[in-house]
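Enquirer: Dumping the structure here so I can ask a few things about it.
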Amino acid sequence: MQSLVKVKRSQPRPRDRLDGLVGRLTVRLRSCSRALGDPSDSYLHVGTGVLRLKVDEARLKRLAESARTKSQLMKVVEDLGREIQLDYADFTTVRGLVVVPGASVKGNVRARLELSFVPSSGYVRSCLIRASEEPLEPPPSGQHGWRHFRIWSESLGFARESACDYTEGDEVCLLCDLFGTAGLEGLIAFADFVGDQVRLTSVDLPTGEKLRVAPPGSAFSGTITFTNLKAWEVGLLLYGMGLRSLRLGRPVLFGKVKYRRYPNYVFGVVRYEVERLELAPFSQMLEVEGLRIRPGSRVKGEDLDKLVRVLVGLARDELGKELLDVDEVGRLERLKA
Ligand SMILES: [Zn+2]
């Protein structure tokens, strides 16, 4: 039997006092577009998960009114069953605005980090917060989740202890300390990312699924705030967005149907771009490799490129071989169905 890999846990840092870096990132999330120099034209679907049925109400009313007997009415119900169609799965909106919910962005960044950790000396840095969704054996090619498993096989191919739960114990893993878990608020908070004049369009997939999607090049903006972090942990957050050496990250996968490939559509290839990093007036000074970012100040442009490079470097130094560098889009492209 495979032995269970332990999750490295410790007491979360205090939430009730300020100690460390406190600030905010202003971030853009954009679906890739060849017109913008990206590798593909990619649509994005971030849905509510609610499936709607489409019925011709006027016709239904007419039919129901024409039914004189119970059996005629039953016939109407039967016909109706044949006529009901799946309506387009909506893209998320909030107060009429097209948005990618903060919870979805958080889930995306967190999952990428969880899946980027591999064990060292019998311990792994992170639990899998939604472990029930993760298969332990590689699903056969073509079955649900097989691409996900292949892409992240190094971090999914072993059994680990169950997810942290702060209502049950007093220790949590690194990512639960940063992003929160049951009974523990995270130190990193994600606001909703609001679409910048995104014009949703409808696509019909060969599977019969119908989706409302944001077309290639669609951009969404939002903020990510952080409290009481160390410099390398800010670097890890950036790493989780696919940033390496510039404020513009490399292509990563996001949202629903991101692993599937169709002849005419690519889904969920996006890039994160950090436009600004600001430190709160009551933050510690950020002093790394000759860079001094004072509390209350902000960094953008080429200075931010350099800061990203330095912070990501610190995260890599801290975590060493435990932190994988998986090019998920590249791996997906190379997978054959
Ligand atoms: Zn955990």
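Enquirer: Under the Karplus relation 6.51 cos²θ - 1.76 cosθ + 1.60, θ = phi - 60°, what is the ordered set of whole-Hz ³J(HN,Hα) values for the stretch 88-97, x standing for Gly and Pro?
Expert: 5, 5, 5, 8, 5, 10, 10, 6, x, 9
Enquirer: Angle, helix 301-319 long axis vs. longest principal axis of the chain, Cα atoms, 0 to 90°, nearest 10?
Expert: It works out to around 80 degrees.
Enquirer: How many angstrom lie between the Cα centre of the stretch 170-216 and the Cα centre of the stretch 262-300?
Expert: Cα centroid of the stretch 170-216 versus Cα centroid of the stretch 262-300: 18 Å apart.
Enquirer: Could you give each residue of the stretch 320-328 its phi-based ³J(HN,Hα) in whole Hz, using Karplus coefficients 6.51, -1.76, 1.60 with θ = phi - 60°, and x for Gly or Pro?
Expert: Couplings: x, 6, 5, 9, 7, 10, 9, 8, 5 Hz.
Enquirer: May I pose another question? Return one number: the angle in degrees, 0 to 90 and rounded to the nearest 10, between the long axis of the Cα atoms of helix 70-83 and the longest principal axis of the Cα atoms of the chain.
Expert: 50 degrees
Enquirer: Projecting each Cα onto the charge dipole of the chain (Lys/Arg +1, Asp/Glu -1 at the beta carbon, about the Cα centre), which of T227, V270, L246 comes out farthest on the positive side?
Expert: Of T227, V270, L246, it is V270.
Enquirer: For the charge dipole of the chain, defined by +1 on Lys and Arg C-beta atoms and -1 on Asp and Glu C-beta atoms about the Cα centroid, which residue among P206, P138, Y43 has the Cα displaced farthest towards the positive pole?
Expert: Farthest towards the positive end: P206.
Enquirer: Cross-link list K256/K306; K106/K300; K258/K306; K106/K210; K256/K321; K54/K75: which exceed 24 angstrom alpha carbon to alpha carbon? Let's see the in-between values first.
Expert: On the way: K256/K306 33 Å; K106/K300 22 Å; K258/K306 31 Å; K106/K210 26 Å; K256/K321 30 Å; K54/K75 19 Å.
Pairs exceeding 24 Å: K256/K306; K258/K306; K106/K210; K256/K321.
Enquirer: DSSP loop (so not H, G, I, E, B), at most 14 other Cβ within 10 Å: list which GluC sites (Glu not before Pro) in the stretch 270-337 pass both filters.
Expert: Sites meeting the loop and neighbour criteria: E289.
Enquirer: With a cut-off of at most 15 other beta carbons within 10 Å, and DSSP calling the residue loop, which chymotrypsin sites (Phe, Trp or Tyr not before Pro) in the stretch 59-162 qualify? Please list them.
Expert: Sites meeting the loop and neighbour criteria: F158.
Enquirer: Using only helices, what value at 222 nm comes out for the chain when you add -39,500 (n - 2.57) per DSSP H run of length 4 or more and divide by the total residues, to the nearest 500 deg cm²/dmol?
Expert: -7500 deg cm²/dmol, from helical runs alone.
Enquirer: I need the chymotrypsin sites (Phe, Trp or Tyr not before Pro) found in the stretch 240-337, filtered to DSSP loop residues with at most 14 other beta carbons within 10 Å of theirs. Write down the numbers at each step before the final one.
Expert: Numbers: sites: F254, Y259, Y265, F267, Y272, F282; in loops: F254, Y259, Y265, F282.
Answer in residue order: F282.
Enquirer: Let me ask something additional. What's the magnitude of the charge dipole for the chain around its Cα centre, counting Lys and Arg as +1 and Asp and Glu as -1 at the beta-carbon? Answer in Debye, nearest 20.
Expert: Numbers: 52 positive and 44 negative charges, 164 e Å.
The calculated dipole for the chain is roughly 780 debye.
Enquirer: What angle, in degrees between 0 and 90 and rounded to the nearest 10, separates the Cα long axis of helix 231-240 from the longest principal axis of the Cα atoms of the chain?
Expert: 30 degrees
Only the coordinates and a few stated rules stand behind these numbers; no lab work does. Remember, predicted model here, so these are calculated numbers, not experimental data. Every residue, glycine among them, receives a Cβ derived from its backbone with ideal geometry; neighbour counts consider all protein chains shown.
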